[in-house]
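Structure, as structure tokens:
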Amino acid sequence: MNIEKKLRIVLIDDHQLFREGVKRILAMEPSFEIVAEGSDGDASMELVQMYEPDVVLMDINMPNVNGVEATKQLVEMFPGVKVLILSIHDDETYVTHVLKTGASGYLLKEMDTEALIEAVKVVGEGGAYIHPKVTHNLINEYRKLANEDRLEPEVGFREVEFRRPLHLLTRRECEVLQLMTDGKSNRAIGEALYISEKTVKNHVSNILQKMGMNDRTQAVVDAIKNGWVKVN
């Protein structure tokens, strides 16, 4: 009998009540196993070396060694581990700085249960996950920089005529892609289109597969570059 390998997780956060809440949510997913927890960046080094997790959930604001510095050290010392940052900050400056240290994802602490589980799965499988609200802020910032000619056209978002990618996606998938660009979660997309979250997940999976993308962020960025969505 084949036994599915569980995703091993280390949780680092200095607020015990928050850790307990996250642990309860992750315990709902049978493919997850929380192998250890700690309260600061110093603890993360020892715990990762001891338990060899697949994913480290890391708070960004902690005493002693903060999440940013801890992530940088972890990625350098243990290149196989994936770090998913937990933060209250949705400012693009925080996000870009953390991603430069080698983090694989950035999740706001206001996330719902679905987002947390999805983010851990995506990062654990080698992908990248950025909270939809943060993605929207990042995109707007890059567009502003491009408009101010601070980015070269090759790396910025060029102005292109808006056209739905009906050659690639269905009309419903185009609607879902637009709402993903607007920073909507799966639940919010479902409410906007009057469909279930499960149906939304199926649409998102189809969109990623058809576009050849690994995660939502890549799909949204590519869609904007191609003029397939509108960004307000």
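The values are calculated or read from the model by the stated rules, or taken from the named source; none is laboratory data. Just so it is clear, the structure is predicted and the values come from calculations on it, not from any experiment. As a convention, Cβ positions derive from the backbone with ideal geometry for all residues, glycine included, and neighbour counts pool all protein chains shown. Only protein heavy atoms, including side chains, enter the accessible area calculation; ligands, DNA and RNA are left aside. Shrake-Rupley method; radii C 1.70, N 1.55, O 1.52, S 1.80 Å.
Observations on the structure shown:
- Tally, over the range 1-41, of residues that are of a type in the set (A, V, I, L, M, F, W, C) and in contact (Cβ under 8 Å) with a residue 40 or more places away in the chain: 11
- K230 being part of a loop (DSSP other than H, G, I, E, B) and within 18 Å of the chain's Cα centre (by Cα): no
- For H136: the one exception among (1) at pLDDT below 90; (2) within 22 Å of S44 (Cβ to Cβ); (3) open to solvent by 30 Å² or more (accessible area, probe 1.4 Å): (2)
- Restricting V48, V65 to those that are more than 15 Å from A119 (Cβ to Cβ), modelled with pLDDT under 90 and β-branched (V, I, T) reduces the list to V65.
- Selection status of K225, in contact with a Phe, Trp or Tyr (Cβ under 8 Å, 6 or more places away or on another chain), open to solvent by 40 Å² or more (accessible area, probe 1.4 Å), closer than 22 Å to L138 by Cβ and assigned to a helix (DSSP H, G or I): yes
- Test: residue in the range 183-190 that is in contact (Cβ under 8 Å) with a residue 40 or more places away in the chain, open to solvent by 40 Å² or more (accessible area, probe 1.4 Å), in a loop (DSSP other than H, G, I, E, B) and among the basic types (K, R): yes
- Cβ-Cβ distances below 8 Å connect no pair with a first residue in the range 191-217 that is outside the structural domain of T181 (by the TED database) and among the hydroxyl-bearing types (S, T, Y), a second residue that is open to solvent by 60 Å² or more (accessible area, probe 1.4 Å) and part of a loop (DSSP other than H, G, I, E, B), and a separation of six or more residues or different chains.
- Residue pairs whose Cβ atoms lie under 7 Å apart, sitting 6 or more positions apart in sequence or on different chains, and linking a residue in the range 124-135 that is over 10 Å from L108 (Cβ atoms) to a partner that is among the acidic types (D, E), are G124/D54; G127/D215; A128/D215; Y129/D215.
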